[in-house]
Amino acid sequence: MRDVVLLGPPGSGKGTQARLLLESSNHFVHLSTGDVLRGEIKLGTPLGREAEAIMSRGEYLDEKLITAIVKDWVLQHEGKAVLFDGFPRTASQVDSFVGMEKALGRACHVIEMTVSSDELRNRLMRRCVCAQCGFIDQKCSLKDDKTNEWVCPTCGAGEVVVRSDDSAGVIGDRLALYDRHIESIRERLKAHNISCRAVDGSRSVLAVREDIVAALQEGSR
Ligand code: AMP
């Protein structure tokens, strides 16, 4: 089974779609580089301390550092196909990624999720994450109408977290940074003979899921 790279700007639904793919197949494991880094911040490790300031500004971490984290993680999860969410994020990360895949005898599908910037801003301004299980949704949709309390529909926990980089000031910078890199990412993938299938991420979660599954099946033919 091949790895899957989910490309897409912040708020395009990579994490949500990765979760759905995980639910439908136990061949996959989900690597969100952002989640790994947030985990390090929570633990207060030296890596977490280094990452926190960079992430709060919406900038990218050092190339070598992130590539080493990804490689370690993949090696620890050998035997499973990886859903890459948040990596690669630059053309040179594509080169490192392809080098790693070749060295480990792995192959991948690449899906690019596209959503308009207005819709992305809207989603990111309203996004919240379950502190317990990481379920992602819009703030208003997770409130219990009767108690006015937040309840996660997946695990039932009652704590909602708004990511510190989902703030008005940082959202614009993160989207701009993505836009700056995406064309060169597409070019590098093409240079490596890896096709990238586009999926319209502005549709409903389930419609996007269907498109992704269809794109993966088409890519396997
Ligand atoms: P995400 O959760 O994917 O939106 O990532 C949150 C933040 O983690 C990004 O804004 C970056 O600061 C950092 N990050 C995650 N993945 C990478 C990567 N592949 N390269 C550099 N920085 C990353």
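Computed from the coordinates by the stated procedures, all read-outs in this text should not be read as laboratory data. What you see is a predicted model; the values in this text were computed from it and never measured. Note: ideal-geometry Cβ built from the backbone for every residue, glycine included; neighbour counts use all protein chains shown.
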* Could you say which residue among LYS42, LYS146 is surrounded by fewer than 13 Cβ atoms within 10 Å (Cβ to Cβ), among the charged types (D, E, K, R) and within 16 Å of the ligand (Cβ to nearest atom)? -> LYS42
* Asked: Hey, any hits in the range 191-201 for a residue that's surrounded by 13 or more Cβ atoms within 10 Å (Cβ to Cβ), in a helix (DSSP H, G or I) and at negative phi?
  -> no
* Asked: Just wondering, is there one or more residues in the range 46-54 that are within 14 Å of the ligand (Cβ to nearest atom), closer than 29 Å to ASP211 by Cβ and outside any loop (DSSP other than H, G, I, E, B)?
  -> no
* Restricting attention to the range 37-81, report how many residues are of a type in the set (D, E, K, R) and farther than 23 Å from ALA103 by Cβ. => 8
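Conditions tested, residue by residue: (1) among the hydrophobic types (A, V, I, L, M, F, W, C); (2) touching a Ser or Thr at 6+ places or on another chain (Cβ under 9 Å).
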position: LEU6; (1), (2): yes, yes
position: SER12; (1), (2): no, yes
position: ALA18; (1), (2): yes, yes
position: SER25; (1), (2): no, no
position: VAL29; (1), (2): yes, no
position: GLY48; (1), (2): no, no
position: ARG57; (1), (2): no, no
* To do: Output yes when any residue across the range 71-78 is in a helix (DSSP H, G or I), without any contact (Cβ under 8 Å) to a residue 24 or more places away in the chain and either on the phi > 0 side of the Ramachandran plot or among the small types (Gly, Ala, Ser) (or both), and no when none is.
  => no
